[in-house]
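What follows is one structure encoded as structure tokens, with my remarks underneath.
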Amino acid sequence: MSVERRRKRQRRVFTVLLGMSFLLVLYILRIAWLQFAPAAPVMTSRASTQLKAESVAQRERGLVLDTGRGDFYDKSGLAITGETYKALAVFPLQQKARTGAPKELTKLADALGVSENALGGWMRGLKEASFWRSANERLPHKLTERQLGMINKLHVNGVRVLPYRNRYPEAFDPKHVIGYTSQHPELLRSDYSERLEAKSMKLTDQTGGSGLERSLDQLLQGVGATSVSYFTNGADEPLHGLDLRLTGPNNPYYPLKITTTLNLPIQNRLEKYIDKNGLKEGAVVVLDAATGDIVSMISRPKLVVSRIGVEGTDSANHAIRAAVPGSIFKLVTEAAALEAGMTNEGESFFCGGNYGRYGLHCWKRGGHGTVTLQEALAGSCNVAFATIAERLSARQLTIAADQLGLARQVGWTSEHAFQPLGKPLKQLQDEEAGAVFAVVPSMRDGGQLAQTGIGQRDVRMSPLQAANLMVTLLHQGVVHELRLVSEIHYGNGQLLTKLPRQLAPSPYGQISLHTAQTLLRGMEAVVAYGTGRSINEGRWSVAGKSGTAQVILGGHERINHWFVGYGPVQSPRYAVAVLAENRTPGLSNKATVLFRGVMDILAEDEG
Ligand SMILES: [Zn+2]
């Protein structure tokens with residue numbers, strides 16, 4: 001046998017032996033698996049319980065005292081969300097452990113103002129630790145001083161007074177601008193797949209459903225809940241005694257504190273005011289005229305967290321939802337025509353009431369007669385503005401709108417990935433952009449231009465954008481990005497990040513100072529002698545523009561009432577937009593009256 005052949009044979013033998021060893025290992029593993037694998041399908045339920053009892057003698061359960069979610073503050077540091085109060089925690093105990101102090105239980109029932117039977121029955125039925133609440137309470141009952149005094153003297157097994165962190169205080173009227181939290185498994189799956197996989201989150205965890213609760217959710221989630229742990233035996237029955245332990249992340253940096261630009265006292269006063277004065281559907285936006293910061297934002301119908309989707313409530317924020325603006329848009333038409341040199345302050349128009357084309361009429365029967373450009377704006381003359389719009393191209397109208405911050409989003413958005421999030425941050429995630437034309441027309445269409453020029457047809461604008469239009473004109477055409485959150489702090493007060501003011505310039509540049517001034521004088525005329533003269537009197541002198549827009553809802557004609565303006569005229573402090581939606585045709589402009597009321601409240605606040 002040659003050396004060569006012997007080597008080959010040795011190699012073959014080695015390969016065969018290696019293969020056999022491998023099979024042997026597999027066989028041993030298989031036997032081991034059969035021996036030790038749990039044979040769950042054939043095990044009886046009692047055997048299963050026994051096994052569980054043997055393997056897990058005790059199991060830890062938790063009652064959440066604080067979810068650890070970050071909170072919101074107004075610009076002066078007033079808490080918008082989050083309050084801690086004392087509540088009654090009741091832990092499930094085995095029957096024999098609960099007995100022994102019947103008189104104490106009677107006293108406890110007395111303190112809570114319920115019958116002993118009802119309280120005892122509820123306690124016996126408990127499967128998990130719970131905070132006590134009365135029949136008509138949604139949240140754990142906030143113990144009064146008197147109740148605390150009575151309860152602190154008692155020693156009822158399995159009953160403790162513990163601090164409970166409630167996210168939405170009783171006095172807190174849910175606000176669309178803040179939003180709400182609830183269970184949203186679909187959002188958790190898209191935003192937190194890694195944390196779900198790592199089991200640091202469950203699909204039943206709460207997450208932001210709208211507003212800032214949603215757009216800042218990843219910052220708000222924090223690092224875990226603080227809870228009171230108690231122990232159950234392997235059969236998941238509570239232990240005889242009660243062994244409590246406080247567990248929590250104990251991290252000084254969390255939960256985070258979000259400082260908004262909102263003025264909470266003003267927001268609350270305005271909410272009361274508009275409810276008292278019957279704004280059922282619509283929005284109010286108040287911006288700081290100097291900075292574009294959002295001072296207040298109100299939407300109706302109300303957000304009722306427990307009744308989302310029920311009639312008479314609405315989770316959508318109408319302040320950032322685009323609606324038909326009607327005559328508010330005449331400001332844009334005028335700006336476009338002034339910029340294009342298609343009209344000037346010296347021009348006069350004649351309105352006989354009927355435009356003579358496209359079935360278009362002036363709202364004023366018999367017409368305005370001969371009017372100057374300023375009088376046409378003050379009187380909101382449809383004939384004059386349809387005439388002006390027909391001189392323009394669709395592109396000229398579109399460009400003017402963009403220059404004025406319309407038909408695009410103006411909410412604060414980080415330019416780059418927002419460092420704490422790892423992606424760009426949009427403060428107003430649900431903001432609608434609005435439009436001038438649904439589709440930019442390829443052919444010139446006089447009827448479309450005329451109707452667009454008076455703010456009908458496809459034109460859409462949100463109250464937020466309408467208020468910002470005032471800020472833009474007051475700043476001679478400089479468009480601001482609107483801020484709702486200004487700073488984020490760690491739990492210990494240390495600054496995490498600032499969200500600085502930003503501008504939102506148009507790629508088409510800005511309107512001229514002259515155009516801005518002409519529009520501002522025009523809006524003063526609206527209140528001095530035009531459609532806004534009914535609100536001429538008040539704490540502050542104001543200027544603005546009214547709008548009455550036709551909309552078709554469910555096949556019926558309805559009206560959107562608008563008023564957008566600023567005050568005081570001499571040194572503007574606030575820009576305000578009021579939208580009253582879905583109104584019966586023929587009623588007087590609700591938004592104009594509310595605008596004056598809002599301005600008076602703002603003036604009062606200024607002292
Ligand atoms: Zn007219």
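Against the conditions (1) farther than 29 Å from residue 508 by Cα; (2) within 16 Å of the ligand (Cβ to nearest atom), residue 278 satisfies every one except (2). I'd like to know if segment 186-195 contains one or more residues that are in contact (Cβ under 8 Å) with a residue 24 or more places away in the chain and farther than 30 Å from residue 313 by Cα. No: segment 186-195 contains no residue that is in contact (Cβ under 8 Å) with a residue 24 or more places away in the chain and farther than 30 Å from residue 313 by Cα. Would it be correct to say that residue 431 is acidic (Asp, Glu), more than 16 Å from the ligand (Cβ to nearest atom), buried (at least 20 other Cβ atoms within 10 Å of the Cβ) and within 30 Å of residue 496 (Cα to Cα)? Against the criterion (acidic (Asp, Glu), more than 16 Å from the ligand (Cβ to nearest atom), buried (at least 20 other Cβ atoms within 10 Å of the Cβ) and within 30 Å of residue 496 (Cα to Cα)), residue 431 qualifies. Filter segment 542-558 down to the residues that are farther than 16 Å from residue 377 by Cβ and basic (Lys, Arg) and list them by number. Scanning segment 542-558 gives a single hit, 558.
Restricting segment 561-589 to residues that are in contact with a Gly (Cβ under 8 Å, 6 or more places away or on another chain) and charged (D, E, K, R) leaves a set whose member that is surrounded by the most Cβ atoms within 10 Å (Cβ to Cβ) is 581.
Quick test of your reading of the structure: residue 473 fulfils all but one of (1) surrounded by 19 or more Cβ atoms within 10 Å (Cβ to Cβ); (2) within 24 Å of the chain's Cα centre (by Cα); (3) of a type in the set (A, V, I, L, M, F, W, C). Name the failing condition by number. Checking residue 473 against (1) surrounded by 19 or more Cβ atoms within 10 Å (Cβ to Cβ); (2) within 24 Å of the chain's Cα centre (by Cα); (3) of a type in the set (A, V, I, L, M, F, W, C), the one that fails is (2). Restricting attention to segment 463-485, the residues that are closer than 17 Å to residue 400 by Cβ and either assigned to a loop (DSSP other than H, G, I, E, B) or at pLDDT below 95 (or both) add up to 5. Of all the criteria given as (1) crowded, with 16+ Cβ neighbours inside 10 Å; (2) at pLDDT 95 or above; (3) away from the ligand (no atom under 16 Å from the Cβ); (4) not aliphatic (A, V, I, L, M), the one not satisfied by residue 395 is (1). Looking across segment 353-373, the residues that are more than 10 Å from the ligand (Cβ to nearest atom) and more than 15 Å from residue 337 (Cα to Cα) come down to 356, 357, 358, 359, 360, 370.
Conditions tested, residue by residue: (1) under 21 Å from residue 527 (Cα atoms); (2) among the polar types (S, T, N, Q); (3) surrounded by 24 or more Cβ atoms within 10 Å (Cβ to Cβ); (4) within 16 Å of the ligand (Cβ to nearest atom).
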| site | (1), (2), (3), (4) |
| --- | --- |
| 330 | yes, no, yes, yes |
| 342 | no, no, no, no |
| 375 | yes, no, no, yes |
| 379 | yes, no, no, yes |
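Please tell me if residue 553 is surrounded by fewer than 14 Cβ atoms within 10 Å (Cβ to Cβ), free of Cβ contacts under 8 Å to residues at least 40 places away in the same chain and under 30 Å from residue 413 (Cα atoms).
Working: surrounded by fewer than 14 Cβ atoms within 10 Å (Cβ to Cβ): yes; free of Cβ contacts under 8 Å to residues at least 40 places away in the same chain: yes; under 30 Å from residue 413 (Cα atoms): no.
Considered against the rule, which asks whether it is surrounded by fewer than 14 Cβ atoms within 10 Å (Cβ to Cβ), free of Cβ contacts under 8 Å to residues at least 40 places away in the same chain and under 30 Å from residue 413 (Cα atoms), residue 553 comes out as no.
The values are calculated or read from the model by the stated rules, or taken from the named source; none is laboratory data. This structure is a prediction, so every number in the text was calculated from the model and none was measured. Cβ coordinates were reconstructed from backbone atoms using ideal geometry, including for glycine residues, and neighbour counts include every protein chain displayed.
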